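Here's the structure, in structure tokens; my notes come after.
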Amino acid sequence: MRIAIPFAILLVLVVMCCGCSTTPSSPPPSTGAPTSPLLATPTLTSASAAITGEAVPIRIKEYSFDPNIVTVKTGTTVVWTNEDPIAHTVTYTGTGTTKFDSGNLAQGQSFSNTFNTPGRYIYACTQHASMKGTIVVE
């Protein structure tokens, strides 16, 4: 018999386990050079939703979508939440009839889209060209 564990519960368990450490960590030494989030190289991260219809969260933080590559089943709703202090958008940049655009999302605001057709959906923030993401619908 196979037991299905919802993705959200599995994600919480992984995050909880990753945060456990008996050795305190120290921040990396500062180089003194200022960093600009607009010039930062995006980190590629991905996630999957194994259960159809399950809401999948994507955080907008530090000028990136986290995770920025997500694989979901048909019928899954993806929810983007802006955690940055400035406005961002979630805008489909591909071709075809499927389109979505959140408009400006202020800090704390969310936008959701349900993906009912298999395919690859590439999106971006129209205000910050380096912010890109992909939803793969199986």
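Assorted remarks:
- Positions within the stretch 116-126 being surrounded by 13 or more Cβ atoms within 10 Å (Cβ to Cβ) and more than 15 Å from the chain's Cα centre (by Cα), in sequence order: Gly119, Thr126
- Boolean, Lys73 is closer than 18 Å to Glu138 by Cβ, modelled with pLDDT of 75 or more, out of contact with any strand residue (DSSP E or B) (no Cβ under 7 Å at 6 or more places or on another chain) and among the charged types (D, E, K, R): yes
- Qualifying positions in the stretch 92-138 - of a type in the set (Val, Ile, Thr), free of Cβ contacts under 8 Å to residues at least 40 places away in the same chain and more than 19 Å from Pro67 (Cβ to Cβ): Thr95, Thr97, Thr98, Thr126
- Strands (runs of 3 or more DSSP E) completely within the stretch 51-99 that count 1 or more residues being surrounded by fewer than 20 Cβ atoms within 10 Å (Cβ to Cβ) and of a type outside the set (Val, Ile, Thr): 56-61, 64-66
- Of the residues making up the stretch 112-138, those that are part of a loop (DSSP other than H, G, I, E, B) and within 23 Å of Glu62 (Cβ to Cβ) are Thr126, Gln127.
- Pair list, Cβ < 8 Å and 6+ apart or interchain, from the stretch 60-78 residues that are closer than 21 Å to Gly103 by Cα to residues that are basic (Lys, Arg): Phe65/Arg59; Phe65/Lys132; Asp66/Arg59; Asn68/Lys132
- Scanning the stretch 94-107 for residues being touching a strand residue (DSSP E or B) at 6+ places or on another chain (Cβ under 7 Å) and at pLDDT 95 or above gives a total of 6.
- One residue stands out among those in the stretch 127-138 that are surrounded by fewer than 20 Cβ atoms within 10 Å (Cβ to Cβ) and more than 24 Å from Thr74 (Cα to Cα): the one that is modelled with the lowest pLDDT, which is Ala129.
The values are calculated or read from the model by the stated rules, or taken from the named source; none is laboratory data. None of the values given here were measured: they were computed from a predicted structure. We place every Cβ from the backbone using ideal geometry, glycine too, and count neighbours over all the protein chains shown.
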